[in-house]
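One structure is given below, encoded as structure tokens.
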Amino acid sequence: MAIPHENMEYRRLGATGLKVSVLSFGSWVTFDTQMADDPALECMQAAHDAGCNFFDNAEAYAGGKSESIMGRVFRDLGWPRWSYVLTTKLYWGIHGNDPNMRNTLNRKYLMQAIDGSLERLQHEFVDVVYCHRSDPNTPMHETVRAMSDIVASGKALYWGTSEWSADEIRHAIEIADRHHLHAPVTEQSQYNLLERRRVEREYGRLHEETGYGNTIWSPLASGLLSGKYRDGIPDDSRGALAGYEWLRERMSDEAAIAKIERLRPIADRLGCSMAQLAIAWCTLHPMVSTVITGASRASQVRENFGALDVIPQLTEDISAEMVQALK
Ligand code: NDP
């Protein structure tokens, strides 16, 4: 069973009473594409050993195989169900081009997709189910009612949004409040030193007024902020995978790499790695309930959770220096 790491902070998920570890672990790109069951288990165990209680997945990751791997790993690890928070996300679908089963948040899709996810995960419920994107082609009240019904049925305990606009989130909350339905409680947005606008500006008032939380993703901008791309793209990195050419282009951007290098002296001064510095920085924003880290091997998990020791060193001055370095 998890013995919480002495440095781990457990924050409320938005305005709910659910406590989530400030650093958490997700499986995008890595599970199935880069890792089979054994290394996946090693990563989850390493995160858990560091006090992580939040594990993120999505129906669409590796076409459902990521959920299947995580399901088998949870079964093998045998942790008590009450000791961790499991999340998944629905929207893109995994049933080819069927018009009702892809890129949608219609009721039919959501009701069937949650059952598929639970089956692959070998769980009776997930703690949080997210709408992985917004769907302008389904009326908001249909989506809100379906998500609320999923919660009411016990298949999820809370629901959230991912990359929705602040207006869409407010609209969903208003509908839920008006009809006494379960309202969404948290976003899942990209947030890192290179991608700050949405969390810091767009969601500012929403967070202040409703306490809406955020379980943020890509704290390393897919690894870029670790500084490892200075010498080219390593063969074993996601930047070298077929199908990730869009990412490779970003990782080869010399101007971005040069800018990121300006963070290296700050990391050196604090005695930490650039990855740890970048991850620790993401925890400073008050809207952030948890920073979902990713890793293609357990050694990265151990390094990344070492960011816990860096958080107390990040004064306002150092944070401002980091932001300034990237301008
Ligand atoms: P990061 O930005 O932290 O990128 C993780 C990747 O960076 C790793 O897989 C690894 O890639 C590399 N890396 C990690 N640690 C180190 C290190 N210490 N040194 C060097 N390289 C390192 O996070 P992700 O983009 O993976 O996102 C995290 C999670 O957020 C996902 O797993 C998923 O759960 C969630 N997410 C949600 C999205 C959404 O739309 N809601 C979208 C994307 C992610 P490699 O070794 O291959 O180079």
Would you call E119 of a type in the set (D, E) and free of Cβ contacts under 8 Å to residues at least 40 places away in the same chain?
yes
If a residue counts only when it is among the polar types (S, T, N, Q) and closer than 24 Å to G211 by Cβ, which strands (runs of 3 or more DSSP E) contained entirely in the stretch 79-175 have at least 2 such residues?
85-90
What do you reckon, is D76 in a helix (DSSP H, G or I), away from the ligand (no atom under 12 Å from the Cβ) and touching a Lys or Arg at 6+ places or on another chain (Cβ under 9 Å)?
no
Consider A156 carefully, then state whether it is free of Cβ contacts under 8 Å to residues at least 40 places away in the same chain and more than 30 Å from K259 (Cβ to Cβ).
no
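Only one residue in R238, R264 is touching a residue at least 24 places away in the same chain (Cβ under 8 Å), farther than 28 Å from K19 by Cβ and either within 13 Å of the ligand (Cβ to nearest atom) or in contact with a Leu (Cβ under 7 Å, 6 or more places away or on another chain) (or both). Which one?
Numbers: R264 fails: either within 13 Å of the ligand (Cβ to nearest atom) or in contact with a Leu (Cβ under 7 Å, 6 or more places away or on another chain) (or both).
The conditions single out R238.
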Hey, E59 assigned to a loop (DSSP other than H, G, I, E, B) and charged (D, E, K, R) or not
yes
Provide a single number: the residues in the stretch 36-56 that are hydrophobic (A, V, I, L, M, F, W, C), within 14 Å of the ligand (Cβ to nearest atom) and assigned to a helix (DSSP H, G or I).
5
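Looking at the stretch 177-206, which of its residues are in contact with a Gly (Cβ under 8 Å, 6 or more places away or on another chain) and more than 10 Å from the ligand (Cβ to nearest atom)?
To start, the set of residues in the stretch 177-206 that are in contact with a Gly (Cβ under 8 Å, 6 or more places away or on another chain) comprises 184-188.
Scanning the stretch 177-206 gives P184, V185, T186.
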What pairs come up if the first residue lies in the stretch 286-311 and is touching a residue at least 24 places away in the same chain (Cβ under 8 Å) and closer than 18 Å to W217 by Cβ, the second is within 6 Å of the ligand (Cβ to nearest atom) and part of a helix (DSSP H, G or I), and their beta carbons are under 8 Å apart, counting only those six or more places apart or on different chains?
T293/N304; A295/N304; S296/R238; Q300/A275; N304/A275; A307/A275
Which listed residue is modelled with pLDDT of 95 or more, of a type in the set (A, V, I, L, M, F, W, C) and within 17 Å of the chain's Cα centre (by Cα), from L77, L41, L90:
L90
Conditions (1) of a type in the set (G, A, S); (2) within 9 Å of the ligand (Cβ to nearest atom); (3) without any contact (Cβ under 8 Å) to a residue 12 or more places away in the chain -> S222 fails only (3)
Condition first: crowded, with 21+ Cβ neighbours inside 10 Å, among the small types (G, A, S) and not in a strand (DSSP E or B). Now tell me which residues in the stretch 184-221 satisfy that.
S189, S218
Quick check: anything in the stretch 288-310 more than 14 Å from the ligand (Cβ to nearest atom), modelled with pLDDT of 95 or more and closer than 18 Å to R196 by Cβ?
no
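So that you can scan it fast, the table gives a plain yes or no per residue for (1) more than 16 Å from the ligand (Cβ to nearest atom); (2) over 17 Å from L18 (Cβ atoms); (3) surrounded by 20 or more Cβ atoms within 10 Å (Cβ to Cβ):
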{"residue": "M147", "(1), (2), (3)": "no, no, yes"}
{"residue": "I150", "(1), (2), (3)": "yes, no, yes"}
{"residue": "K155", "(1), (2), (3)": "yes, no, no"}
{"residue": "D167", "(1), (2), (3)": "yes, yes, no"}
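The values are calculated or read from the model by the stated rules, or taken from the named source; none is laboratory data. Predicted model, so just to flag it, every value in this text is computed and none were measured. Every residue, glycine as well, gets a Cβ built from its backbone with ideal geometry; the counts of neighbours run over all protein chains shown.
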